[in-house]
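The values are calculated or read from the model by the stated rules, or taken from the named source; none is laboratory data. In this text the structure is predicted, and so the values were computed from the model without any measurement. All Cβ positions, even for glycine, are placed from backbone atoms using ideal geometry, and neighbour counts span all protein chains on display.
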Amino acid sequence: MSDRRAVPGLGVRTRLGATLPAMFHDDDLAQRWCDGLDEVLAPVPATLDSFWSYLDPMLAPDDFVEWLAGWVGLEVDQTWDDRRRRELVASAHSLFDARGTVEGLADVVELYVGARPEIEEGGGATWSPVPDSALPGDGAAPVVVRVAVEDPEQVDAARLERLVAANRPAHILYRVEITTAAGPEAAASPSGLAPPPVPTDGEATTPDAEAGPGAEEDTE
């Protein structure tokens, strides 16, 4: 609460000395005594006058942001920077609107780890005019949340598990996988095929398919 107390030079709109009975307005001792109380109590009216800003996650003091997170049922990671904590609280309403959906789960995981997760689900939705029709999807398949980050050690796996458990579709099994993000040098080729083997001594350096028409077979 250090942001709202002992602020040097913080003024007040109405001084206590002016609210005393008229007979004390010219009393030097009473006025000086009230001046001391003005300095102590000044943060109270200042906070009340600007209370609207305390309800805005982008303007509220740091410690009040965590309090706002508790109001909307969010768990704030102490390792996050100030910007991420404020963005999470500010987007709480949209996260709750999409809670229980794949997009909602992906949004909250992305806010937590800073990377968009890959989510696999085995459920589905359909309709049929025939009673007792087969249900869509695979009821035994869990929701798999794969997160690729630069340093998996920086992600609190236990907290991420709780986050996924609270925002997954109700009563659905889930599994969280944290992997290391591949750098540009580790990216797979667009075709997904492995590179050709390196030729060794005594082997042709050009595949037969690339020799072209009319190529003669080496009989030696």
Criterion violated by Val89 - all others in (1) under 26 Å from Thr179 (Cβ atoms); (2) under 14 Å from the mean Cα position of the chain (by Cα) satisfied
(1)
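Kindly indicate which of Ala69, Ala22 is at negative phi, at pLDDT 80 or above and either surrounded by 15 or more Cβ atoms within 10 Å (Cβ to Cβ) or touching a Cys at 6+ places or on another chain (Cβ under 8 Å) (or both).
On the way: Ala22 fails: either surrounded by 15 or more Cβ atoms within 10 Å (Cβ to Cβ) or touching a Cys at 6+ places or on another chain (Cβ under 8 Å) (or both).
Going through Ala69, Ala22 in turn, the sole match is Ala69.
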Number of positions in the stretch 34-63 that are at pLDDT below 80, in contact with a helix residue (DSSP H, G or I) (Cβ under 6 Å, 6 or more places away or on another chain) and in a loop (DSSP other than H, G, I, E, B)
0
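Among residues belonging to the stretch 140-156 that are closer than 21 Å to Gly104 by Cβ and of a type in the set (Gly, Ala, Ser), point out the one that is modelled with the highest pLDDT.
Ranking the candidates gives Ala148 first.
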Give the stretch 114-123 a look and list any residue that's modelled with pLDDT of 85 or more and either touching a His at 6+ places or on another chain (Cβ under 7 Å) or crowded, with 17+ Cβ neighbours inside 10 Å (or both), or say none.
Pro117, Ile119
For Pro129, only one of the following conditions fails: (1) surrounded by 12 or more Cβ atoms within 10 Å (Cβ to Cβ); (2) modelled with pLDDT of 80 or more. What is its number?
(1)
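Which one is nearest to Arg86 (Cα to Cα), of the residues in the stretch 27-45 that are out of contact with any Lys or Arg (no Cβ under 8 Å at 6 or more places or on another chain) and among the hydrophobic types (A, V, I, L, M, F, W, C)?
Val44
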